[in-house]
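The values are calculated or read from the model by the stated rules, or taken from the named source; none is laboratory data. This one's a predicted model, so the numbers in the text were calculated from it and none came from an experiment. Note: ideal-geometry Cβ built from the backbone for every residue, glycine included; neighbour counts use all protein chains shown.
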Amino acid sequence: MDAKTTLVLLYQDGTQNPHADFSVLDLMRGLTDARFGENAPLAILRPDIGLHLLYDEYRMGMYRQGLESFDEVLAELSFEALYRNELLLKDDRGNEADPGSLWKLRSGTLIQVGDDAHLTLDFADAEPLFTKIA
């Protein structure tokens, strides 16, 4: 459920911007109105329940327009932690992740983030190659 609470916007540079008494939908409407600045956040955090949502402009827009439910947003964008890889990574199919690529951790699996992302890795095996950012 998308209840009003304190939400924190996390930006690429690590800065955090808290907003009290907002739902995710309220926050998305505010971002659209440029109320919170011009820079898109990296993630939306809800500290009271440990919820972390990757900020994805397209998916958030679908939610804001009522074309996706909050449960659908949670299923697609939730994560446990965010990481960046330190080295170039390749899989056996030729897919690559440049150093500094963004990854989300979900249920022990690192999932590369982005429109052209195709890599997933077992976190236990790959952890030494990554730096936690959130």
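Only one of D13, D91, D56 is under 11 Å from the mean Cα position of the chain (by Cα), modelled with pLDDT under 90 and under 29 Å from F123 (Cα atoms); which? Walk me through how you get there before you give the answer.
Details: D13 fails: under 11 Å from the mean Cα position of the chain (by Cα); D91 fails: under 11 Å from the mean Cα position of the chain (by Cα).
Every option except D56 fails the conditions.
Taking the criterion of being among the hydrophobic types (A, V, I, L, M, F, W, C) and touching a residue at least 40 places away in the same chain (Cβ under 8 Å), the residues of region 50-84 that qualify are L54, F70, V73, A81, L82. Screening region 100-130 for residues that are assigned to a loop (DSSP other than H, G, I, E, B) and out of contact with any strand residue (DSSP E or B) (no Cβ under 6 Å at 6 or more places or on another chain) and picking the one that is surrounded by the most Cβ atoms within 10 Å (Cβ to Cβ) gives A117.
Residue count for region 90-99 satisfying the condition of being in contact with an Asp or Glu (Cβ under 7 Å, 6 or more places away or on another chain) and either β-branched (V, I, T) or outside any strand (DSSP E or B) (or both): 1.
Under 16 Å from K132 (Cβ atoms), without any contact (Cβ under 8 Å) to a residue 60 or more places away in the chain and part of a loop (DSSP other than H, G, I, E, B), is that true of L87? Judged against the criteria, L87 is a match. Can you find a residue that is surrounded by 13 or more Cβ atoms within 10 Å (Cβ to Cβ), in contact with a Pro (Cβ under 9 Å, 6 or more places away or on another chain) and of a type outside the set (D, E) anywhere in region 52-63? Within region 52-63, one or more residues are surrounded by 13 or more Cβ atoms within 10 Å (Cβ to Cβ), in contact with a Pro (Cβ under 9 Å, 6 or more places away or on another chain) and of a type outside the set (D, E).
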